[in-house]
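Below: one structure, written as C-alpha cells.
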Amino acid sequence: MNEKSNLRTPIVSVMGHVDHGKTTLLDKIRGTTITSGEAGAITQHIGATEVPIDLISKKCGDSNLANKFIVPGLLFIDTPGHHAFTSLRSRGGALADLVIVIVDINEGFMPQTKESLEILKRFKTPFVVVANKMDRIHGWNPTQDAPFSATYQNQSQRVKDILDQKVYEIVGELYEAGFNSNRYDRVTDFQRNIGVVPISASTGEGIPDLLMVLMGLAQKFLESDLSYDADGPGVGTVLEVKEEKGLGATIDLILYDGKLRKGDTIVIGSSGEPIKTKVRALLKPNYLSEIRTEDKFRQVNEVTAATGVKVSAPDLENVLAGSPIRAATGDVDRVVDEVKKELEDIKISTENTGLTIKADTIGSLEALANELAEEEIPIRKAEVGDISQRDIIEVSAIEDQYYSVIIGFNVKVLPDAKEKAQFSDIKLFVNDVIYKLIDDYKEWVEEKKALSQNTISEMIVKPGRFTILPDYVFRQSKPAVVGVKVNGGIIKTNVNVAKKDGTVVGKIKGIQSEGENVGEAKVGMEVAVAIEGPVVGRQIKENEMLYIDVPEKHAKILEHELYDSLKDHEIETLESFLEIKRKNNPFWAK
Ligand SMILES: Nc1nc2c(ncn2[C@@H]2O[C@H](COP(=O)(O)OP(=O)(O)OP(=O)(O)O)[C@@H](O)[C@H]2O)c(=O)[nH]1
C-alpha cells in the first residue's frame, strides 16, 4: 500500500472582499484545468472542485511534484467568501484546511478582508494571500497562465517597481494585522511567514505558483491532520439543503473523512433531534447534460473523503445548513450522540431579554453570537433561516425598544415579513459582514439614546440661580422687575423661583435683555426679570440669590440620568439646590 493512500485531499476555501476576484479565481482554476479526457484533469464535485497532484505538476512545469508532495491534490470549495468559511465547520474547527485570502493589488485590504484575517487568526488556519489583478498595472505585458517568475521577467522595470511597491504595501498591512509576510518566493519558512503571491485571475498568471504554495502549506501544516481512515464511516458537513425536481429535498455536503455508500444509515443535525435516514442515492454532477434535472446528476455507489456530493434521502427537509453528517455503520445511537455533542459544541447562550438573531448556517450563527458576546450584547433567540413573518410578530411583543430588533447575517427578509415590518416599530439589520452588523446596531442604539436624552432634556426644568443686582429695582411688585445676574445654570420664563431656605416666592413671567424680550438667560448674563408674586424689600431683597425651583421628579432625572451631560456650573447649581431641599427632607428627589 502506498503511503499516500490514507492521506486525503486538503480542503481549500477562498475569502476576500466583494469584487476582488474570488469567483474569477475559482473559475480560472476550474477552467484552465478542464481539458477533456486528459489524464489528471480536474474533477467537478458537488460544491467543490478537485485538482489532482498530476495536474498541479503539469501546471507548475515540475513533473517531480508527485514525489515531493504526499498530498494527492487540492479540493476547492466552490462557495467563496468568509461566511462560507465560518459556516462550514468540522468538529468545532474550520472545514477548510487552507485558505486563500484574495486582495485586489490595486486597492489593498478592505474591512471585509481584515475581518477574514481576524477569523483565520482565531481558527489558526494556515493561509496564503494572493495579490490579484496584477494585469491591471498600467503597461502590463501578459503571458497567459505563465508562472510568476516568467511573467515578471517580461515586464518593464517601471511595471516591476510598481508591482514590488504594491506587494510591499500589502506586506505592511498584514504586519499591522499581526502577521509577518513576504512575497512568496522570498519566504523560506511558511510556518512563520505568510506568502503573498501576485496573480491575475483573468490571465492565469501566477496561478501555478499559487497552487505550488498551497501544496507546500498542506505538506507543512497538515500532514498529520489529513490522515483518514479510507474505510471508516463517512463524516462531513452539510453545505446546503436543496429542493431538486423529482428528488425532493436533497443535501449537498463535503465529506472530510471516511467513506459514504449508497444505502448507508446517516445521522444529520437539525434544529431538533438529529435526523436518522438512509442514503437513497449519491449524486455527482453530470457534464453531458445540464438541462433536465434528471440528467443533471449521475449516481455513484460510494464516495471517499475529501469530496463534495449530493445525497438524496427521505426526511431531509429540516436539515440545517452547516450541520454535521455521519454515516452510522454499527451502533446508530452512539453516532446520534456524537452528532448531538457536535451540535452542542456550537452552543449559543441566550437570555430572557436581548436581540433576536438569524443566520444562514449554524456556523455563521455561532460566529455572529460570539461577536455579540464579545460586545456584551445579550441574545434572546438565535435561529438558522431567513427572517419570517413569525419572527416579526414575536419581536413586536418585546417592550424594550433596544431589543425590538432582528439581526440577520447572510439571510433574506421574506416578502411577508418585510411588509409586516414596515407597519411595526421593529428595526431590522441585515448584512453579510458581522462587524458591519454590530457597528450599525451600536450606532443606532447610541443615536436613539441621544435622541431620547434630548427630548427628556428639553422637557425638564433645568437648575439655575441668579442674584438681584443692587440699584436695579425697576418695579417693587405685581410683578417685581429687577436687574439680575445669572450665576449658574439657566433661567427661563414660567418657572418658579425659590429662596435659599427653599420657600417658593413667585414665578418668572418675563426676561428682557437690552430691552428685548428673551425666553431664557444663560450663566454670566445680566438681564431684567419680571417675577410675579414677591414684593422687593419684603420677600426678596437686593443682593439676594434666588434659585429656580426644580420640581422633584425633574431633579431626580437630572441627578440620575442626565448628570453626565451637565456642565460644571449646572452641576454646582443643581447640587446646592439639592442641598437646600434635602436640609428639610434628606430623601427629597432620591
Ligand atoms: N483585470 C482583471 N480583472 C479581474 C481579475 N480578477 C477579477 N477581475 C474582475 O473583477 C470583477 C470582480 O471579480 P469576481 O471574481 O466577480 O469577484 P468576487 O470577489 O467573486 O466578487 P463577489 O462574488 O461579488 O464577492 C469582475 O469583473 C472580474 O472580471 C484579474 O485578475 N484581472
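Based on this model, can you work out whether SER5 counts as at pLDDT below 75 and away from the ligand (no atom under 16 Å from the Cβ)? It is true that SER5 is at pLDDT below 75 and away from the ligand (no atom under 16 Å from the Cβ). When residues in the range 397-425 are screened for being outside any loop (DSSP other than H, G, I, E, B) and among the polar types (S, T, N, Q), 2 of them pass.
In the same structural domain as ALA96 (by TED's automatic domain parsing) and at pLDDT below 80: does that describe LYS68? So LYS68 fits the description; yes.
Do we have ILE34 as under 20 Å from GLY206 (Cβ atoms) and at pLDDT below 70 here? Taking the combined requirement at face value, the residue satisfies it. Of all residues in the range 420-458, count the ones that are farther than 22 Å from ASP400 by Cβ and not polar (S, T, N, Q). Total satisfying the criteria: 6.
The conditions of being modelled with pLDDT of 80 or more, open to solvent by less than 30 Å² (accessible area, probe 1.4 Å), more than 14 Å from the ligand (Cβ to nearest atom) and more than 15 Å from ILE207 (Cβ to Cβ) are not met by ASP104. Within the range 560-575, residues that are under 15 Å from GLU458 (Cβ atoms) reach partners that are in a helix (DSSP H, G or I) and β-branched (Val, Ile, Thr) with beta carbons closer than 8 Å, at six or more positions or on different chains, in the pairs GLU561/ILE456; LEU562/ILE456.
Is it the case that the range 179-189 has a residue that's closer than 30 Å to ASN6 by Cβ and either outside the structural domain of VAL71 (by TED's automatic domain parsing) or acidic (Asp, Glu) (or both)? For the range 179-189, residues closer than 30 Å to ASN6 by Cβ and either outside the structural domain of VAL71 (by TED's automatic domain parsing) or acidic (Asp, Glu) (or both): present.
Those helices (runs of 4 or more DSSP H) of the range 135-228 in which at least 2 residues are open to solvent by 20 Å² or more (accessible area, probe 1.4 Å), farther than 17 Å from ASP62 by Cβ and within 16 Å of the ligand (Cβ to nearest atom), considering only elements entirely within it, cover 157-176. Look at THR250 and say whether it is modelled with pLDDT of 90 or more and closer than 23 Å to GLU383 by Cβ. Spelling it out, THR250 is indeed modelled with pLDDT of 90 or more and closer than 23 Å to GLU383 by Cβ. Taking the stated definitions as given, is GLY81 at pLDDT below 85, at positive phi, within 14 Å of the ligand (Cβ to nearest atom) and not β-branched (Val, Ile, Thr)? In short, yes.
So that you can scan it fast, the table gives a plain yes or no per residue for (1) assigned to a loop (DSSP other than H, G, I, E, B); (2) without any contact (Cβ under 8 Å) to a residue 60 or more places away in the chain; (3) crowded, with 20+ Cβ neighbours inside 10 Å:
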site	(1), (2), (3)
GLN299	no, yes, no
ASP337	no, yes, no
LYS340	no, no, no
ALA373	no, yes, no
VAL395	no, yes, yes
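In this structure, does SER477 turn out to be hydroxyl-bearing (Ser, Thr, Tyr) and closer than 19 Å to THR573 by Cβ? The answer is no for SER477.
Looking only at the range 416-435, residues that are without any contact (Cβ under 8 Å) to a residue 60 or more places away in the chain, out of contact with any strand residue (DSSP E or B) (no Cβ under 8 Å at 6 or more places or on another chain) and either under 17 Å from GLN112 (Cβ atoms) or open to solvent by less than 40 Å² (accessible area, probe 1.4 Å) (or both) come to 1 in all. In the range 17-32, the residues that are open to solvent by 50 Å² or more (accessible area, probe 1.4 Å) form Cβ pairs under 7 Å with partners that are assigned to a loop (DSSP other than H, G, I, E, B) and near the ligand (Cβ under 8 Å from one of its atoms), at six or more places apart or across chains, as follows: THR23/PRO80; THR24/ALA201; THR24/SER202.
Of the residues making up the range 516-566, those that are out of contact with any helix residue (DSSP H, G or I) (no Cβ under 9 Å at 6 or more places or on another chain) and either among the acidic types (Asp, Glu) or over 28 Å from PRO470 (Cβ atoms) (or both) are GLU516, GLU520, GLU526, GLU532, GLU542, GLU544, PRO551, LYS553, LYS556, HIS560, ASP564.
Flag set for PRO324, criterion: touching a helix residue (DSSP H, G or I) at 6+ places or on another chain (Cβ under 6 Å) and closer than 25 Å to LYS242 by Cβ.
Results for (1) within 30 Å of GLU375 (Cβ to Cβ); (2) assigned by TED's automatic domain parsing to the domain that holds LYS522, shown as yes or no for each residue.
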residue: SER396; (1), (2): yes, no
residue: ASP416; (1), (2): no, no
residue: LEU428; (1), (2): yes, no
residue: ILE434; (1), (2): yes, no
residue: ALA450; (1), (2): yes, no
residue: GLN476; (1), (2): no, yes
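Yes or no: GLU50 assigned by TED's automatic domain parsing to the domain that holds THR203, modelled with pLDDT of 60 or more, outside any helix (DSSP H, G or I) and open to solvent by 10 Å² or more (accessible area, probe 1.4 Å)? So GLU50 fits the description; yes.
Among the numbered conditions (1) over 28 Å from ARG8 (Cβ atoms); (2) touching a residue at least 60 places away in the same chain (Cβ under 8 Å); (3) assigned by TED's automatic domain parsing to the domain that holds THR304, the only one that VAL241 does not meet is (1).
The values are calculated or read from the model by the stated rules, or taken from the named source; none is laboratory data. In this text the structure is predicted, and so the values were computed from the model without any measurement. Here Cβ is always computed from backbone atoms with ideal geometry, including for glycine, and neighbour counts include all displayed protein chains. In case anyone asks, the SASA skips ligands and DNA or RNA and just uses the protein heavy atoms, side chains included. Shrake-Rupley method; radii C 1.70, N 1.55, O 1.52, S 1.80 Å.
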